[in-house]
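Here, each number is a calculation from the coordinates, and none is a lab measurement. Quantities reported herein were computed from a predicted structural model and do not represent experimental measurements. As a convention, Cβ positions derive from the backbone with ideal geometry for all residues, glycine included, and neighbour counts pool all protein chains shown.
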Amino acid sequence: MDIIVPCKGLSAGKSRLRECLGSHDRRELCEWLLVSTLRVADKLVGARRVHVVTSDAEADAIVRRHGMRCIGDPSFGLNEALDVARTTLLAEGRASLMVLPTDLPYVDAQALASVAACVGDMVIASDEHGSGTNILFLRDAAARTMPFAFGDGSFAAHLTGARTLGLSSQIVRDWRLAFDIDQPAQYVQWRGDCGPAAGTMRDPGDGAVVLHGT
């Protein structure tokens, strides 16, 4: 399995947090989230199977310090960037791909391993509201043919896409994967859980529940 980590850019990320964080603090948060995500991915699959899609020079430098590869983002949008990464990896003979965002502060290797262990061409985990896609794992035929549909309503769009192609799917509910830092209220909640230091994370335990397959 290879992990694709899309990274918009350290200075441009988390713009929705403007009302509670200044530009410097947002950039610091983006860097912390990126590094944390890389460490989790490295623990699961090793640095050589982690690929960050970005056009940001600062993010590129951080990724390379971790011994990982950057794939250039053509800056046409997230789905287009993921298509570029997929094309690159499939050409190298990779068979299964996991898209891992950087804004999941409670994600850990155990939660991701539970996703990868699920049976199905596509395994998907939604956000807290059940509308967005926080984790997308594609294997074999799905890795080759499944269209990326990130954006508003992406959870339903990905499930519809799998059904249209005749691909099997599995849904995973796990609070570690569902909680993302996208809105000020989520940031405040996370900081309340973590205490004064952003790096002080609570022990997540085992929160995964596989709901059903199609």
Next item on the list: Can you pull the one-decimal nm distance between simple spin-label points at H66 and A185, each 7 Å off the Cα toward Cβ?
Entry: 3.0 nm
Check: Between F179 and residues 5 or more places away or on another chain, which pairs have amide H atoms under 5 Å apart, with H built 1.01 Å from N, and which residues are they?
Finding: none
Next item on the list: Place +1 on the Cβ of every Lys and Arg and -1 on the Cβ of every Asp and Glu in the range 10-167, take the dipole about the Cα centre, and give the residue among T54, T133, M98 whose Cα lies farthest towards its positive end.
Entry: M98
Notebook entry, point to check: What fraction of the DSSP beta bridges in the chain is antiparallel, stated in percent and rounded to the nearest 5?
Noted result: 50 percent
Item checked: Residue order, fewest to most beta carbons within 10 Å, for V40, V45, V53 -> V45, V40, V53
Margin query: Skipping prolines and chain starts, which residues have an amide H placed within reach, meaning under 5 Å, of the one on N134, given they are 5 or more residues away or on another chain?
Written below: A125, S126, D127
Check: Add -39500 (n - 2.57) for each DSSP H run of 4 or more in the chain, then divide by its residues: what number comes out at 222 nm, to the nearest 500 deg cm²/dmol?
Finding: -12000 deg cm²/dmol
Note to self: For the chain, take the longest principal axis of its alpha carbons; what is the angle in degrees between that and the long axis of helix 78-91, to the nearest 10 within 0 to 90?
What the structure shows: 60 degrees
Item checked: the range 1-112 shape via C-alpha gyration tensor axes, a/c threshold 1.5 -> prolate
